[in-house]
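Data first, discussion second: the structure below is written as structure tokens.
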Amino acid sequence: MKKVYLVYPETKGTIAPEIYGHFSEHIGGVFYDGLWVGRDSDIPNIRGFRKELVEKLRALHPPVLRWPGGCFAETYDWRDGIGENRPVRRNWWTPMDGRYETNAVGTHEFLDLCELIGAQPYFAANLTGVTPMHIRDWMDYCLSPRGSTTLALEREKNGRAEPWDIPFWGVGNENWGGGGMMRPEHYADECRRFATLMSNVSGRVELYACGSNGADYSWTHGVVPQLAPVKGFIKGFAMHYYCGHAGDPVAFTNEEWDQQLRQASRMEEIITHNWNIICGHGMQESCRLVVDEWGCWHPDGSGPSKGYNLFEQQSTMRDAMVSALTLNIFNNHCDKVRMANAAQLVNNLHCCFLAAGEKCITTPTYHVFDLYKEHQGAQAFNVAVTDNEVFESSVTVSASVKDGKKLLTVGNLSCTEEAVLQLCAVGEELPETAVLRLLANDDLHAHNTFENPEAVRPVELTVDPRQPLHIPAGGIAALRF
């Protein structure tokens, strides 16, 4: 039996709600098979967005939604997505999936979606293909007060009189790769140039510099010290880490289950190492970590469309466990992590939804975000687990308190053994009753399909937290008391 010590007086800081953010790129079926069906569609919709998906996403209390990319951002011209007679362009991903961008979803439509689901928008700005003034004009169009500038008047003509609140802006995306194949020194110079103009707009905005590709710490060493002249503008370092794949997305072995979770657990090392570099350069106040792309990246073709949508893949209990492990890591490093965005939202990588035609289902990953959502804005407190040395029999945990309510989230990382936990409170007594929500399945390959949309779903129980807590192999629990 493992003992889990809940140390209430020792808080680690506030878990930024934005850690529970999502990512929506113009890639594959994210928008045009998933989110967007069109205002004239027979599929129930709200302002053109799939009604069922909007309602289920809103139930997660999503704090932030990133758009329009990803690599798509580096070929995106914001003017293509406003007004009438929108042009059809080559999408960044066209060579891989053959699709062209219709620009049916542009600035106004995306911000409609954010309002519908209650999320703050996070815009990834094109640093590679346009000038700083082009991005500043986009910010002018979106943020300037009603009737104040020519671009604000153009916005009003296009149907929006009042400015939007867009608090988060990325200064480029993956500029070490698809965003220009830049050297860190060159990117730092470009970031300084763009950030100087992007900061000179109406309203307060947070600008995020392009961070490292996972464990490429040479990028961090090369970029961070060069941002000192604009540290008053730059507020985040937007790193990416995908834990890749291990075997088939669905028909994996026990060994591949363990391998996938070992790969996912590297997130903690990458966060800690990048943070140490940032602190070493004295930039911790202006370069908090923004993990704006994370998740599994399995070979595509396992989703319902069988390869029609680029990078679409099924989501099993293994993907749910990657989500639980990763979110616990973020919670436990809330002093370092400003924001995170799971990639991607629907019909793609580590997604919460699969949708086609009239059908729309949630994945096991969706349910993890639902189990964990009360961590948003809470105070993280320390949790110590004994007998946690062996990876195959270990657990992942995090805990928080908000408005007097405590939430403990636990994932049993073993795919073969039940975890038995004895909770031990340090600082106050455990109550007699608690609500336990458990996501588990006897078959860890289980996943939801259009034919069986609730094969994986949580159950809710009332338990005595003073008694041993039994979590099945591969199970994920949220205890609220």
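The values are calculated or read from the model by the stated rules, or taken from the named source; none is laboratory data. Note that the structure is predicted; figures quoted are calculated from it, not measured. Cβ sites come from the backbone with ideal geometry, for glycine too, and all protein chains shown count toward neighbours.
Things worth noting here:
- Qualifying residues in region 147-161 (those that are among the small types (Gly, Ala, Ser) and touching a residue at least 24 places away in the same chain (Cβ under 8 Å)) - the one surrounded by the most Cβ atoms within 10 Å (Cβ to Cβ): 148
- One residue stands out in region 355-378 among those that are crowded, with 17+ Cβ neighbours inside 10 Å and part of a strand (DSSP E or B): the one that is farthest from the chain's Cα centre (by Cα), namely 356.
- Which listed residue, of 350, 445, is surrounded by fewer than 21 Cβ atoms within 10 Å (Cβ to Cβ) and touching a Ser or Thr at 6+ places or on another chain (Cβ under 8 Å): 445
- Out of 397, 383, 435, sole residue that is at pLDDT 95 or above, out of contact with any Gly (no Cβ under 9 Å at 6 or more places or on another chain) and either among the basic types (Lys, Arg) or assigned to a strand (DSSP E or B) (or both): 435
- Residue list for region 40-57, filter: farther than 20 Å from residue 118 by Cα and not acidic (Asp, Glu): 41, 43
- Test: residue in region 302-309 that is surrounded by 24 or more Cβ atoms within 10 Å (Cβ to Cβ) and either assigned to a strand (DSSP E or B) or at pLDDT 95 or above (or both): no
A quick yes/no check of all residues on (1) surrounded by fewer than 21 Cβ atoms within 10 Å (Cβ to Cβ); (2) more than 19 Å from residue 69 (Cα to Cα):
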{"site": "163", "(1), (2)": "yes, yes"}
{"site": "175", "(1), (2)": "no, no"}
{"site": "178", "(1), (2)": "yes, no"}
{"site": "214", "(1), (2)": "yes, no"}
{"site": "219", "(1), (2)": "no, yes"}
{"site": "226", "(1), (2)": "yes, yes"}
{"site": "241", "(1), (2)": "no, no"}
{"site": "249", "(1), (2)": "no, yes"}
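- Those helices (runs of 4 or more DSSP H) of region 50-146 in which 2 or more residues are without any contact (Cβ under 8 Å) to a residue 12 or more places away in the chain occupy 51-58, 94-97.
- Only one of the numbered conditions (1) in contact with a strand residue (DSSP E or B) (Cβ under 8 Å, 6 or more places away or on another chain); (2) assigned to a helix (DSSP H, G or I) is not met by residue 193, and that is (1).
- Filtered residues of region 1-48 (kept if among the hydrophobic types (A, V, I, L, M, F, W, C), under 28 Å from residue 71 (Cβ atoms) and over 20 Å from the mean Cα position of the chain (by Cα)): 37
- Cβ-Cβ distances below 6 Å connect the following pairs, each with a first residue in region 259-287 that is assigned by TED's automatic domain parsing to the domain that holds residue 234, a second residue that is surrounded by fewer than 20 Cβ atoms within 10 Å (Cβ to Cβ) and of a type in the set (A, V, I, L, M, F, W, C), and a separation of six or more residues or different chains: 270/215.
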